[in-house]
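Visitor: What follows is a structure written as C-alpha cells; I'll ask about it next.
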Amino acid sequence: MRGLRGAAGVAFGAERAAAVTAVAGAPGPGARPGTRPGTGPLAALGPAALPGANLLLAPAAGSAARPLAGAATPAPGPGPDADADPDSAAVGTGPGPVAARGNAPAPSTLDALDRTFRQLSGLQARVDALSAQASALRAQAGQLAAKAAWQRVRRELMGDAMARLAGYQYADGPLAGLTDLLTGRGGAQRLADRQSAEYQARHAYTVAYQEARRVAALRAAQAARAAAAATAAERRRDAVAASRPALTARRDALLAGIAARFGDGSAASGLLRALPGRAAGPDLQPDGKALRAVLFALAHIGTPYVWGGTSPSGYDCSGLTSQAWAAAGVRIPRTSQAQFAGLPRVPAGQPLRPGDLVVYFPGATHVGMYIGDGLVVHAPRPGTVVRVTTLDRMPSPGVVRPRY
C-alpha cells in the first residue's frame with residue numbers, strides 16, 4: 001500500500017510539474033516537437049488557469065520571488081501599444097527584451113529610392129496635367145462643333161425664309177402693286193411702303209444667312225484647331241508616360257531588394273498589392289511629405305523595438321509611425337488606437353499610397369507604414385528590430401491617411 005501511495009505521489013507530482021511548465025510557457029514532458037516556449041494552450045491564461053498552480057509559482061514565505069526557468073516575465077500593465085507578434089498573432093503589452101541593433105539600408109539605396117519616387121511623382125504630375133489639358137481641349141472642341149452645327153441650322157432657316165419671300169414676290173409682287181395703283185385701290189405711298197418692306201425683309205434674311213454661314217465656318221475651324229491641340233496634348237502625355245514602366249521597374253526592384261534583405265521573409269512568395277477585402281490596383285504616388293515619412297521609417301530599419309520608444313535608440317510600432325510623420329512636419333496621435341480612431345480612413349475602394357498607416361488586429365493594437373508594392377515597414381515586438389513585412393501579414397481592420 002505504501003508503494004502504491006508513493007507511486008501515486010510521484011505521478012501526481014509529475015502532473016503538477018507538467019501543469020506548471022505549461023502555465024509558465026516552457027515545453028513540458030510529452031510536448032509536441034516544434035512547440036515554442038510561450039505558445040502552449042494555457043500560456044495566454046496565466047497561472048490562475050490551473051487550480052493550485054499559483055501556489056506552485058508563489059515563493060515560500062520569507063524567500064525572494066524567483067521566476068521559474070522558461071517562465072515569461074509578467075508585463076507591468078498597459079503601455080503605449082499592445083504590439084503584435086506577426087509570427088504567432090499573439091498580442092501582449094509591456095516591455096521585453098531589447099534586440100541588438102541591426103543593419104539598415106545604405107544611404108545610397110535610400111537616395112536612389114527617393115530619386116525614383118520623385119521622378120515617378122513628377123512624371124505622374126505631368127501626365128495628369130497633359131491629360132487635363134487634352135480633356136479641356138476636347139470639351140472645347142465639342143462645344144465649338146455644337147455651335148457650328150447650330151449656325152448651319154440657322155443658315156438653312158434663313159435660306160428657307162428667303163425662298164418663301166421670293167415665292168411671295170413672284171405670286172403677288174410689284175405687278176400686283178402696279179395694278180392696285182392703276183385701278184385706284186391703292187396709292188403711290190402704299191406701293192412704296194410695300195416695296196420698302198419687301199426689300200428690308202429680303203436684305204435682313206440675306207444678312208442673317210451670310211452671317212450664319214460665316215459663323216458656322218468660323219466655329220468649325222475653331223473646333224478643328226481645338227481637336228488638333230487635344231490630339232497633340234495626348235501625344236505629349238503618351239510620350240511622357242512612356243518612361244513610366246522603366247521608373248516603376250526601378251522602384252519595384254529597390255523595394256524588393258529592401259524587403260529581401262531587411263524583411264521577415266514573408267515577401268519571398270510574392271508581393272501583394274491589396275489587403276483582403278480591399279480593391280487591388282496601382283499605388284498612388286506619394287507627395288513630398290508622405291515620401292519624407294516613408295524614407296524616415298526606412299532609414300530606421302534595424303532600430304531595436306523598445307516598448308514606449310520614440311527615439312532612434314528604439315521605437316515601438318506607433319512610436320515609429322508618429323515620429324516618421326513628425327519628421328515630415330505632420331503631427332499625428334501617439335498610439336496605434338488613437339491613430340486609427342483619429343485619422344481619416346482610406347476607403348476600401350481606393351488605392352493605397354506610401355505613407356498610409358496600416359492598422360492591424362481588431363483592437364488596433366499594432367500599426368505599420370505602407371511603403372508601396374504591398375510592403376509595410378514596422379516595429380514588430382520586443383526582441384526584434386524595425387523591419388519590412390507584407391501588407392497582409394496580419395489581419396487589418398483598416399488603413400488611415402494623415403491629413404495635412
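Derivation of every value follows stated rules applied to the coordinates shown; laboratory data play no part. Source: prediction; values computed, not measured. When we count neighbours, we look across all protein chains shown, and the Cβ atoms used for this are built from the backbone with ideal geometry, even at glycine.
Visitor: Can you check how the C-alpha radius of gyration of the range 301-364 compares to 2.2 N^0.38 Å, as a plain ratio?
Guide: 1.15
Visitor: With r defined as the distance between the Cβ atoms of N103 and R235 and R0 fixed at 56 Å, what FRET efficiency is calculated, to the nearest 0.05?
Guide: 0.75
Visitor: Once you sort the root eigenvalues of the Cα gyration tensor of the range 310-404 as a ≥ b ≥ c, which label holds: rounded (a/c under 1.5), prolate (a/b larger than b/c) or oblate (the other case)?
Guide: The shape class here is rounded.
Visitor: Same structure, new question: With Cβ to Cβ distances under 9 Å as the rule, what net charge do the other residues near L144 carry (K, R +1; D, E -1)?
Guide: Spelling it out: positives minus negatives among the neighbours equals +3.
Visitor: Same structure again: Ordered by residue, what ³J(HN,Hα) values in Hz, to whole numbers, does the range 322-332 give under the Karplus form 6.51 cos²θ - 1.76 cosθ + 1.60, where θ = phi - 60° and Gly and Pro are x?
Guide: For the range 322-332, the Karplus curve yields 5, 6, 5, 6, 4, 5, 8, x, 10, 8, 10 Hz.
Visitor: Mind jotting down the distance between the C-alpha centroids of the range 364-404 and the range 283-321, whole Å?
Guide: Using only Cα atoms, the two centres lie 10 Å from each other.
Visitor: Going by average Cβ neighbours within 10 Å, how do the peptides 334-340, 224-230, 378-384 rank, with the highest at the top?
Guide: With the highest mean Cβ count within 10 Å placed first, the list reads 378-384, 334-340, 224-230.
Visitor: Still on this structure, I have one more. How many percent of the alpha carbon pairs in the range 335-384 exceed a separation of 19 Å?
Guide: Summing the P(r) of the range 335-384 above 19 Å gives 26 percent of all pairs.
Visitor: Compute the FRET efficiency between H203 and W150 as 1/(1 + (r/R0)^6), taking r as their Cβ-Cβ distance and R0 = 35 Å, and round to the nearest 0.05.
Guide: Calculated value: 0.90.
Visitor: Rounded to whole Hz and in sequence order, give me ³J(HN,Hα) for the range 366-372 from the Karplus expression 6.51 cos²θ - 1.76 cosθ + 1.60, θ = phi - 60°, writing x for Gly and Pro.
Guide: 8, 8, x, 10, 6, 10, x
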